[in-house]
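For reference, the structure discussed in these notes is given below.
The values are calculated or read from the model by the stated rules, or taken from the named source; none is laboratory data. The shown structure was predicted, so the numbers you read here are calculated from the model rather than taken from an experiment. Counting neighbours? That spans all protein chains shown, and the Cβs are built from the backbone with ideal geometry, glycine included. SASA here: full protein model, heavy atoms, side chains in, ligands and nucleic acids out. Shrake-Rupley method; radii C 1.70, N 1.55, O 1.52, S 1.80 Å.
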Amino acid sequence: MQRRRPTIIDVARKAGVSKSTAGRALSGASNVTDEARERVLEAARAVGYERNDLAVGMRSGRTGLLGLVIPDITNPFWAEVARGAQDRAAENDTSLLVFSSDWDHGREASHLRALRQARVDGAIINPVADSFDDLDRFGLPFVLIGSSAERFPANSSVGSDIAQAVRLGMDHLVSKGHHAPALILGPKSRIARARFLRTFHEHCVERDIDPAALPMEDGEYTVEGGRTAMMRLLARDRVGHLAVFAANDLMALGAMVAVREAGLRCPEDVSILGFDGIPAGAFSWPGLTTVAKPGREIGVRAVDCLFDEIAGRPEHGRVFMPCRLIERGSLADLSLNQPRRAASSGRG
């Protein structure tokens, strides 16, 4: 038979005080003698009493709980975001409830309902749907994260500076002699794809390159998605060395698998640049050169912004976090074998 959860009445009986005295002692109230407080705390430890924070929150208006809804907990980038958010929340004696929507609008709506019913103080959300209805009904402070937040400019949000990141990657490819790389992109339904392509097109136009002439393949943001997209690229007619810029590191790692399966070598035959900076890229062979997004820092900053929202200081707008290049071994350096090309100056 399951043991009954100890209550404050059990603590009061064990300590030999009234229920109200036990409650004041456990809440840290000042109108309790030191001797009574010590007896109550000792009694609470003896009976295994744990305070019901939800019930306390219902009385105080705060629960000490935050929610985080991310699209894919299995993607190491989103796990880093969650870790950063959890660490910052813990520094402020706050707990974090983490949900994965799996890019499903219905599941996301269900998670938002669960967070509302749990009376969280606020939530950090990577919105899946274009509709704002679910967020309108959420009724609690929230901060948006990820590329999807671009659809809701009136709300506070935190995300990677995708334009800066794509330019960083393209400039590095050009510096290595890869002026016209192929692209492996995510599904057309994702706004991150549109943002990636917009900056890529600007970069090409500045260098008198027709972006429509460059090979592109779509896939899911997974290892298998990158593998199958890479197989389609390799099946195309091509001359010379192939360079590929993948829209995330999982796809880039899948592309490496396809290169090996085709009997080719990276970077001797095919150069691959990733995007995200997940830890697995350091352990591939060769190591994956990538544009690293600040996942953990995004989680930390989002929690800080959410605390401000909860406190009534929602003055953030869209916060863009800069990305950085991590150079390993997956890009061949062809710059010494090619004549220098004049390139017009672009934004940094």
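Quick notes
- Aspartates and glutamates whose Cα lies under 19 Å from that of Lys14, excluding same-chain neighbours fewer than 8 positions away: Asp34, Glu35, Glu38, Glu42, Glu50
- The residues of the stretch 174-323 expose, per residue, 42 Å² of accessible area to a 1.4 Å probe.
- The chain: angle of helix 105-117 to the longest principal axis, Cα-based, in degrees nearest 10: 20
- Each other residue within a Cβ distance under 14 Å of Glu217 adds +1 if Lys or Arg and -1 if Asp or Glu, for a net charge of +3.
- Where both bridge residues fall in the chain, DSSP classifies roughly 10% of the beta bridges as antiparallel.
- 12 Å beta-carbon shell around Leu66, net charge (K/R +1, D/E -1): -1
- To put it simply, the accessible area of the chain at a 1.4 Å probe is 50 percent carbon and sulfur.
- Spacing of the two label points (7 Å from each Cα toward its C-beta) at His201 and Glu91, in nm: 4.0
- 0 to 90° range, to nearest 10: angle between helix 76-91 axis and the chain longest Cα axis: 30
- Counting only protein chain heavy atoms and rolling a 1.4 Å probe, the accessible areas of Thr33, Thr21, Thr290 rank, largest first, as Thr33, Thr21, Thr290.
- Where N is the number of residues in the chain, Cα Rg divided by 2.2 N^0.38 Å: 1.28
- Residues with amide H under 5 Å from that of Val158, placed H, sequence gap 5 or more: Leu144, Ile145, Gly146, Val319
- Cα-based helix-to-principal-axis angle, 162-175 vs the chain, degrees rounded to 10: 30
- Heavy-atom accessible area with a 1.4 Å probe sorts His111, His241, His203, largest first, into His241, His111, His203.
- In summary, the stretch 116-252 shows an alpha-carbon radius of gyration equal to 1.26 times the 2.2 N^0.38 Å reference for compact globular proteins.
- Put a dot 7 Å past the Cα of Ala194, heading toward its Cβ, do the same for Ser335, and the two dots end up 3.5 nm apart.
- Rough spin-label spacing in nm, given labels placed 7 Å along Cα→Cβ, for Ile209 and Ala262: 1.8
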